[in-house]
């Protein structure tokens, strides 16, 4: 664990270590495979990590002409939240009423 600033009461905020790159990879793979449970779990972990002040994963975008760009932290954060919203949509689309058999 590491400290990451102070809480509103002035006590150190303790953030458990995690690898946001690995969790984002798990989330993207789960979304591609439509693995609802894995996507939801990874999205919850990643969203919680970032909202508690954890750093976003380092992202690099490669365009069709093969130029590569490092993505700024704020854009990386927003990409993660967008991926988490896709997980929410996957959950909502599969949580409808059960069909009559």
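Counting neighbouring beta carbons within 10 Å and listing from fewest to most, the residues 55, 81 come out as 55, 81. Between residue 89 and residue 34, residue separation times 0.36 nm minus the direct Cα-Cα distance comes to 18.7 nm. Residues 21, 40, ranked from the fewest to the most other C-beta atoms within 10 Å, line up as 21, 40. Residues 90, 58, 63 in ascending order of nearby Cβ atoms (within 10 Å, fewest first): 63, 58, 90.
Here, each number is a calculation from the coordinates, and none is a lab measurement. Since we're looking at a predicted model, the values are computed, not measured. Using ideal geometry, Cβ is built from the backbone for each residue, glycine included, and neighbour counts are taken over all protein chains shown.
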